[in-house]
Amino acid sequence: MSGVLLTTEMENADRLGQQKDMDAIMTAAGLPHQFVITPNIGHWYPADLSRKIDAGIEFIRQNQKKEKT
């Protein structure tokens with residue numbers, strides 16, 4: 001299993017803190033993941049969201065290939 005967390009730098013402080021906690025839990029569990037924080041944006045979609053989603057999907061696909069070998 002692998003995953004991607006996408007968030008923004010200026011997200012609600014409580015939510016961003018919870019996401020950072022989740023990142024730490026995933027890291028401690030050895031779960032392959034990416035934690036992507038878009039800078040200088042609040043609770044909104046970044047202009048390059050589609051690129052970030054594509055990159056996240058590719059990351060997950062690559063990890064699935066690794067798991068099968």
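The values are calculated or read from the model by the stated rules, or taken from the named source; none is laboratory data. These numbers were taken from a predicted model, which means no experiment stands behind them. All Cβ positions, even for glycine, are placed from backbone atoms using ideal geometry, and neighbour counts span all protein chains on display.
Scanning segment 28-61 for residues that are within 16 Å of residue 1 (Cα to Cα) and loosely packed, with under 12 Cβ neighbours inside 10 Å gives 28, 29, 30, 57, 58, 61. Counting residues in segment 12-23 that are out of contact with any His (no Cβ under 6 Å at 6 or more places or on another chain), of a type in the set (A, V, I, L, M) and at pLDDT below 95 gives one or more. Take the conditions exposed (fewer than 12 other Cβ atoms within 10 Å of the Cβ) and over 11 Å from residue 4 (Cα atoms) and apply them to residue 66. Does it pass? Answer is yes for this residue.
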